[in-house]
1. Is there a residue being within 18 Å of Lys217 (Cβ to Cβ), assigned to a helix (DSSP H, G or I) and among the polar types (S, T, N, Q) anywhere in segment 104-112?
2. Condition check: modelled with pLDDT of 90 or more and closer than 20 Å to Leu104 by Cα. Does His291 satisfy that?
3. Tell me which of these Tyr312 doesn't satisfy, since it passes every other one: (1) assigned to a strand (DSSP E or B); (2) open to solvent by 30 Å² or more (accessible area, probe 1.4 Å).
4. Taking segment 421-458 as the search range and keeping residues that are surrounded by 16 or more Cβ atoms within 10 Å (Cβ to Cβ) and over 30 Å from Pro108 (Cα atoms), which one is modelled with the lowest pLDDT?
5. Name every residue in segment 169-178 that is under 29 Å from Ala281 (Cα atoms) and either part of a loop (DSSP other than H, G, I, E, B) or at pLDDT below 90 (or both), in order of residue number.
6. Please give the number of the condition Phe181 fails out of (1) open to solvent by 10 Å² or more (accessible area, probe 1.4 Å); (2) at pLDDT below 95; (3) touching a helix residue (DSSP H, G or I) at 6+ places or on another chain (Cβ under 9 Å).
7. May I ask you to say which residue of Leu232, Leu307, Leu279, Leu239 is out of contact with any Phe, Trp or Tyr (no Cβ under 9 Å at 6 or more places or on another chain) and either within 26 Å of Arg170 (Cβ to Cβ) or open to solvent by less than 10 Å² (accessible area, probe 1.4 Å) (or both)?
8. Kindly provide the set of residues from segment 127-172 that are under 24 Å from the mean Cα position of the chain (by Cα) and open to solvent by 60 Å² or more (accessible area, probe 1.4 Å), ordered by number.
Amino acid sequence: MIYTYVTFLVPIVLALRLCIMAIVIVHVLLTKRDVGASIGWIGVTVLMPLTGGILYLMFGINRVRRRAKRLVGLHPWYSRTMTSRWRRGEEGRFAPLADMVTKLTQRPLLAGNLVIPLHDGDSAYPQMLAAIEGARSTVLLCSYIFRPDEIGQKFCDALIAAHRRGAQVRVLVDGVGSGYFHCAIADRLHRAGVPVGRFMHSLLPWRMPFINMRDHKKILVVDGRTGFMGGLNIGEENLTARHPAHPVSDTHFRILGPVIHQLSEAFARDWTFTTGEALVADLFFPEQQAHGDSLTRIVTAGPDSDLEKIEYTMLQAISMARHSVRLMTPYFLPDERFLTELALAALRGIEVDIIVPRHSNHVVIDWARAANLPRFLDSGCRVWQARPPFNHSKLLVVDRHWSFVGSSNIDVRSLRLNFEINLEVYDDALATTIDDFIIRHRHERLTHHDLDRRSLPTKLRDASARLLLPYL
């Protein structure tokens, strides 16, 4: 009896295994662009059809891109940005870069903007809070980390007060960065009646793969006219003047001018993606006035229709460098393309400076970084370590003319999996200011000798951590 039962089941199980293998292989061949990832998924499925099929269903299918395509029709504000009277073109040798990014992002380069650097929460938070406290019509706030500490509660108080004054307030926090199981800030805002969304948050097992895809953007737009963006989260650790236990230094930017439309649009897309509500009222996109001379544009990236746009923008800018490329990032684990572009720039005589913190707040990333740096040094790139406090700034300047700042780190997670936002600026004065700031953080130059004198166990540890590069 048992033998007959087993004999009956074996062909069914084999057929099921073959069916799963075929379905996964066909889907991989038709949808995956990365050859390495394709080979990996096919290999896992062939070796373990049932387990591999389940893993692919959970982690291999980009449902985010499909969902984003379904929401495209809810974004009528996009045409307003494209037909703006502030639309301009870059002149001179950076014109091909400006044209390329226009085609890549489908966003125009806009004139008449003022971009003001703000360093640390000590400088940025008072201005951000003052803007919210003075809000009359709208407040749009997005933050990866929004802590329920003293500074977080101040922001919460200001947002609730703006809501009670009648302003249209929308708050978006990441479903992991601001607390996966519990988000005290979101709970308090919700109780006060403030519309709040948690990006890709769900405890349902079949939605767990979204844990890999985070909204890393930091956006604040008040009354559709004053904007803030950059790398600064909301938490007491950014108030470096108070000497917190684990201080985090960072760079944020206050923005005035027509590019605020694009900043608002970036928030609105994520809000619609998360909640289904389309922010299309004119009060979210008022007419803009000129405030400065900067040509600027918002560039967004994520595992949806914006896939790799921030990385492509950086790669093209580096390829156009004639004198200098300086970048500052808290986490430096670039992919092969980025490594090659920086190496080629250094080999053709460009002064390439890479500034990383001596120690970041993720020790495994520091280990992997150490194993990855010799190839940059071999090509002539100069690598510098910034002394504490840990600097979380994300800055790139080319030839002291073109700047690229925002939320994106230089690692695979940030460039491929996270939803990020950067600001592209063509402005000699701003680029010089940021370039000088980066230069001031060239504290300790890292050499081959420094890496070679690591012990064998340390080298093995670092090399092992480097294998996790796609997941860190």
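1. Within segment 104-112, the first condition is being within 18 Å of Lys217 (Cβ to Cβ), and the residues that meet it are 105, 107.
Okay, now just the ones that are also assigned to a helix (DSSP H, G or I), so 105.
Right, trim to among the polar types (S, T, N, Q) and you get 105.
Yes, that holds for at least one residue.
2. Values: modelled with pLDDT of 90 or more: yes; closer than 20 Å to Leu104 by Cα: no.
So His291 does not fit the description; no.
3. (1)
4. If we filter segment 421-458 for residues that are surrounded by 16 or more Cβ atoms within 10 Å (Cβ to Cβ), which is where we start, we get 421-427, 430-431, 433-435, 437-438, 441-442, 446, 451.
Now drop any that are not over 30 Å from Pro108 (Cα atoms), which leaves 441-442, 446, 451.
Values: His441: 96, Arg442: 96, Leu446: 93, Leu451: 89.
For segment 421-458, the residue satisfying everything is Leu451.
5. First, the residues of segment 169-178 that are under 29 Å from Ala281 (Cα atoms): 169-175, 178.
Result: Asp174, Gly175, Ser178.
6. Of (1) open to solvent by 10 Å² or more (accessible area, probe 1.4 Å); (2) at pLDDT below 95; (3) touching a helix residue (DSSP H, G or I) at 6+ places or on another chain (Cβ under 9 Å), only one is false for Phe181: (3).
7. Working: Leu232 fails: out of contact with any Phe, Trp or Tyr (no Cβ under 9 Å at 6 or more places or on another chain); Leu279 fails: out of contact with any Phe, Trp or Tyr (no Cβ under 9 Å at 6 or more places or on another chain); Leu239 fails: out of contact with any Phe, Trp or Tyr (no Cβ under 9 Å at 6 or more places or on another chain).
After ruling out the rest, the residue left standing is Leu307.
8. Answer for segment 127-172, where residues must be under 24 Å from the mean Cα position of the chain (by Cα) and open to solvent by 60 Å² or more (accessible area, probe 1.4 Å): Gln127, Arg147, Pro148.
The values are calculated or read from the model by the stated rules, or taken from the named source; none is laboratory data. Remember, it's a predicted structure, so these values are computed and weren't measured experimentally. Cβ sites come from the backbone with ideal geometry, for glycine too, and all protein chains shown count toward neighbours. SASA here: full protein model, heavy atoms, side chains in, ligands and nucleic acids out. Shrake-Rupley method; radii C 1.70, N 1.55, O 1.52, S 1.80 Å.
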